[in-house]
Every structure is written in C-alpha cells, then in structure tokens.
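Novice: I'd like to ask you about the structure that follows.
Bear in mind that the values in this text are calculations on the coordinates, not laboratory data. From a predicted model like this one, the values you see are computed outputs, not experimental measurements. Don't worry about glycine lacking a Cβ; one is built from the backbone with ideal geometry, like all the others, and counts go over all protein chains shown.
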Amino acid sequence: MLRTVRPAFSGDLTVRANVTENEIGTIAGAYNTTLDSLKEIVVQVKEAVETVADTTGNSSSAMEGLSFKAQKQLEELELAVEQIKATIEASSITTQNAKKVDSAIEQADSIVKNGDRAMNKTVESILGIRETVADAGKRVKRLSDSSQKISRVVNLISSFAAQTNLLALNAALEATRAGEYGKGFAVVADEVRNLSLQSSEATTEIEKLVREIQEETQEVAAAMETGVQQVAEGTNLVTETRDSLNEIVSSTEEIRELVKDISLAADAQTKQAESVTKVVGQVATIAYETSEDSQRISGSFQELEKLAQNLQSSISRFRVK
C-alpha cells in the first residue's frame, strides 16, 4: 500500500490505495477518501487562483489605463485653468480700460458741457450785439431821413433866396427908373440882394454839409447792414456749433452707457471665470487623487497578481489528472 500511495507525497493526487477487507483496507479506504477531498480542494484552489490571476491582471491593466486617463485629464484641466486665468486677466484688463474710458468720457463730457455754456453766453452776447447794431441801424436811418428833410428845407430856402434876389434886382431897376425919388428904395433893394446872396451862399454850404452827412450816413448804414449780416451768420454758426456740442454730449452719453455695459459684462465674466476656475480646481484635485488612488490600487493588484502567481506555482506541483 505504501508503494502505491508514495507518489502522493510528491503531489500526485491521482494514485489510490488498494482497498481490502482487512484493517489495512479500511485505512486504504480512508486514505483514498482523504486524497479525493484533497484533490477536490486543490482543483478548486487552482481554479480560484487562475480566476484571481486573470482578474488581477485585467484589473491591473484597467487601473493603469484609468490612472493614465486621470493623469491626462489632470493635465487638460491644468491647461484649462491656465486658459481661464488668462481670460480672467483679459477681462480684468478690459474692466480697467473700460473704467479709464468712462473717466475720459466723463472728463470730455464736462468739457463739452462747459463749452456749451460758453456757447450759450456767446449766443446771448451776439444777440445783444445784434440788437444793438439793429438799433444803431435804425438810428442811422432816422438820421438819414432827417438829413434828407434838412436837404429839402435848404432847397426851399435856396429857392426863397433866389426869388428874393430876383425881386431885389427888379426893385433896383424900378428905383433907377424913379430917379432921385427911388434912391432910398434902391439902397433897401441892394441890402436885400446882399442878404439874398449871403443866404444863397449859406444854403450852398449847408447843402454841401448835408450831402457829406448823407454820404457818411449811407456808408455807416451799409456798414451796419453788413455788421447785422455778419452777426446773423455768427449767430447761426454758434447755434450750429452748440447743436453739434449737444449731439456730442448725447453720443458720449450713449458711449458711456455702452462702456458701462461692457464693464459690467467683463466683471460678470471675471466672476464666472473665477467660479469655473474654482470648480475646475476641485475637479483637478479629484482627478489627481483618482490618479494617485488608481496607481496605489494598480500596485495592490500587481502584488495580488504576484501572490496568485506564487500560489499557482505552488498548486501546480499537485497532479489531479
């Protein structure tokens, strides 16, 4: 019996002892039963070890792949964080520039409003000058009308002087005809003629002065008319300039509103980007931890695979078929 079962000592579980009807046969039956149980255990252990080896091998590969993907994801997240930070910086610069533009617009708006006030004062002054020039023009016209009236009166006086002179000549002729009786009347006629001549000379001088006054008055009137036209043109130009300034004020207000909207949008974008950065940072932390855990689990599976291989090597020395 010992020769029969001796191979079992070397791991051959296929051998069996001969069962007899004596006590040795009973021992042989019990031994065979033990070998059957041991064989069944070895077969189960071998199958389990093979399953564990396959599972740990696949799991180790899967965990290595997961660790690689997690590391790759971590790198992509870090790149995304850098890009988001660049976006935040750009948004911050945009906000600062928008504030600078708003400040410049506010300053320009203040300057334009000051210019508008100055234009209003200029318009008021020009209107005052216009009224003054118009009033002066009216006065000059009245002066021209008065000088024309004076001219008509002088013409009338000149006519009277001519008629008086003619009457004096006629009186002198009549006094000459009267002889000695007309001498006194001749003296009076001569004095009247002298007075008529003096009146004629005076009216001539007055007419000359009146003509000079009329000529100067016409020149002044023409200058006044030109001045009125120039003042009117100046008023129109100032009014147009003021309207342009008002349009500039309206445009700057619109630009200011747009800049304000841009600034608000940039602030909102910055805050949103900061929130996204925070979330991405958390995800990156999780990805990093996942990569670390995957590497540790992969190492554990590799150690388990080695143990399974060692156990498989130990089990392989048992023969079950």
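Novice: With charges only on Cβ, +1 for K and R and -1 for D and E, what is the dipole size of region 107-161 about its Cα centre, in debye, rounded to 20? Walk me through the numbers on the way to the answer.
Specialist: On the way: 10 positive and 6 negative charges, 65 e Å.
Computed about the Cα centre, the dipole is about 320 debye.
Novice: Excluding R130 itself, calculate the net charge of residues whose Cβ lies under 14 Å from the Cβ of R130, where each Lys or Arg counts +1 and each Asp or Glu counts -1.
Specialist: -4
Novice: Looking at region 205-274, I'd like the Rg to Rh ratio, where Rg is from alpha-carbon atoms and Rh is Kirkwood's inverse mean 1/r.
Specialist: 1.70
Novice: Let me ask something else. In square nanometres, what is one fourth of the surface area of the convex hull spanned by the alpha carbons of region 92-136? Kindly include the intermediate steps, with their values, before the conclusion.
Specialist: Numbers: hull surface 11.3 nm².
Average projection, Cα convex hull of region 92-136: 2.8 nm².
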